[in-house]
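S.K.: Following this message is one structure expressed as structure tokens.
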């Protein structure tokens, strides 16, 4: 009489492209980087459909990888129908935003991937809370950096009428 039929959920694994930057002075090989990042991606339920590498002295300030690699990454993502791009390094919020705009894909870095894995595997209430705290600690500086231009730093003075924001004399 009140029998409810459960719908089958079609969970589609995200198709991921992995990106690693080989910086001068690093001692880990790209094969080792991609091996570990591939295992992490698969642990999170993703399917690796491509790899992109670049050798640089320093990460590019705006996009972490060079402009030519960004174009190559977008073309590869389009051709293999990737829904997410995972970088093997920590990146700034601005770099992630710039890459998301350029590639029209979700961009995450290694730390976010690891936190996602922990989040999906946490079973006890305490473990879930610990993961949530770690995620908030990871996210807070990024959110703060994204909105700093709107803040009014008072330099220790009480906030109120007559206080000045950053850059004001």
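S.K.: How many percent of DSSP beta bridges within the stretch 15-109 run antiparallel, rounded to 5?
M.R.: For the stretch 15-109, the DSSP antiparallel bridge percentage is about 5.
S.K.: Return the distance in nm (one decimal) between the two label points of a simple spin-label model at residue 118 and residue 102, each offset 7 Å from Cα along Cα→Cβ.
M.R.: 3.0 nm
S.K.: What whole-number volume per residue, in cubic angstrom, does the convex hull of the C-alpha atoms of the stretch 15-109 give?
M.R.: 83 Å³
S.K.: Still on this structure, I have one more. Where does each of 15, 56 land when they are ranked from fewest to most other beta-carbon atoms within 10 angstrom?
M.R.: By the 10 Å Cβ count, ascending, the order reads 56, 15.
S.K.: Starting from 0.36 nm per residue, how many nanometres of slack lie between residue 72 and residue 31 once their C-alpha separation is accounted for?
M.R.: 12.8 nm
Only the coordinates and a few stated rules stand behind these numbers; no lab work does. In this text the structure is predicted, and so the values were computed from the model without any measurement. Note: ideal-geometry Cβ built from the backbone for every residue, glycine included; neighbour counts use all protein chains shown.
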